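The values are calculated or read from the model by the stated rules, or taken from the named source; none is laboratory data. Every value quoted in this text rests on a predicted model; they were computed, and no experiment measured them. Heads up, the Cβs are rebuilt from the backbone with ideal geometry, glycines too, and the neighbour counts pull from every protein chain shown. For the accessible areas, the whole protein counts, side chains as well, though only heavy atoms, and no ligand, DNA or RNA atoms are used. Shrake-Rupley method; radii C 1.70, N 1.55, O 1.52, S 1.80 Å.
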Amino acid sequence: AQKVTQTQTSISVMEKTTVTMDCVYETQDSSYFLFWYKQTASGEIVFLIRQDSYKKENATVGHYSLNFQKPKSSIGLIITATQIEDSAVYFCAMREGITGNTRKLIFGLGTTLQVQP
Amino acid sequence: NAGVIQTPRHKVTGKGQEATLWCEPISGHSAVFWYRQTIVQGLEFLTYFRNQAPIDDSGMPKERFSAQMPNQSHSTLKIQSTQPQDSAVYLCASSPSLEQYFGPGTRLTVL
């Protein structure tokens with residue numbers, strides 16, 4: 001069965017520093033997709049970045065990058081030069097690629113990031 | 001370019017009443033998903049349509065929940081005989097391929 005685990009409940013960092021959020025996943029599928037989403041204080045859920053399981057290079061979008069360690073079933077999110085507005089809840093999610101017909105996302109419980117001035 | 005639209009944003013029902021939630025996906029997106037978010041369970045998948053056809057409803061509570069997508073511009077989630085445990089934020093998402101784009105959600109409160 002699919003499972004996504006985020007062990008860090010909350011993290012607090014100073015502005016302009018780098019933060020890493022952890023995520024481990026379980027899947028039986030040989031092909032899958034990993035996502036990070038951000039939920040702001042208003043409740044809006046925003047897609048940030050995606051990693052395809054068959055790609056060796058880590059995805060990067062703006063000041064977000066991923067640390068994909070496939071043997072460890074781990075997909076960490078790295079935010080560099082954090083800003084106050086990065087304060088939010090960050091969700092890791094997984095979608096299996098080829099098994100069955102589903103395209104559903106399985107989410108972790110989230111990590112709350114607070115960026116301090 | 002409008003995102004996913006959900007109405008109403010808030011709904012309060014009495015126990016035993018019916019609730020219908022509406023979603024308008026992003027134009028051109030072929031897939032529509034419904035999720036539910038609670039503090040305890042987090043984000044849970046409910047059901048999924050592709051090109052308006054129901055594909056996966058494995059997350060739907062079988063007896064009181066139903067979803068439809070009568071045309072490409074809207075989907076509805078109906079909860080009959082609402083119970084206090086149905087209180088949650090119900091989120092609709094649409095997708096052109098891999099990424100899913102979420103609407104603002106409908107906060108349902110069952111008294």
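Note on segment B:84-101: among residues that are in contact with a strand residue (DSSP E or B) (Cβ under 6 Å, 6 or more places away or on another chain) and closer than 20 Å to B:Val40 by Cα, the one that is most open to solvent (accessible area, probe 1.4 Å) is B:Pro84. Selection of first residues in segment A:16-32 that are in contact (Cβ under 8 Å) with a residue 12 or more places away in the chain and of second residues that are open to solvent by 60 Å² or more (accessible area, probe 1.4 Å) and aliphatic (A, V, I, L, M), restricted to Cβ pairs under 7 Å at least 6 apart or on distinct chains, gives the following pairs, ordered by first then second residue: A:Asp29/A:Ile98; A:Ser31/A:Ile98. The one condition from (1) small (Gly, Ala, Ser); (2) touching a Lys or Arg at 6+ places or on another chain (Cβ under 6 Å); (3) assigned to a loop (DSSP other than H, G, I, E, B) that B:Ser66 does not meet is (3). B:Gln37 fulfils the conditions (1) part of a strand (DSSP E or B); (2) open to solvent by 40 Å² or more (accessible area, probe 1.4 Å); (3) within 14 Å of another protein chain (Cβ to nearest Cβ); (4) in contact (Cβ under 8 Å) with a residue 60 or more places away in the chain except for a single criterion, (2). Per the listing A:Ser74, A:Ser53, the residue uniquely at pLDDT below 95 and open to solvent by less than 60 Å² (accessible area, probe 1.4 Å) is A:Ser53. Here B:Asn71 passes the criteria (1) open to solvent by less than 60 Å² (accessible area, probe 1.4 Å); (2) under 18 Å from A:Phe107 (Cβ atoms) except the one numbered (2). Here B:Pro61 meets each of (1) modelled with pLDDT under 95; (2) on the phi > 0 side of the Ramachandran plot with one exception, condition (2).
For the structure I just gave you, tell me whether B:Pro61 is part of a loop (DSSP other than H, G, I, E, B) and either hydroxyl-bearing (Ser, Thr, Tyr) or open to solvent by 20 Å² or more (accessible area, probe 1.4 Å) (or both). Spelling it out, B:Pro61 is indeed part of a loop (DSSP other than H, G, I, E, B) and either hydroxyl-bearing (Ser, Thr, Tyr) or open to solvent by 20 Å² or more (accessible area, probe 1.4 Å) (or both). Condition check for A:Thr60 on (1) modelled with pLDDT of 95 or more; (2) open to solvent by less than 70 Å² (accessible area, probe 1.4 Å); (3) out of contact with any strand residue (DSSP E or B) (no Cβ under 6 Å at 6 or more places or on another chain): one failure, at (2).
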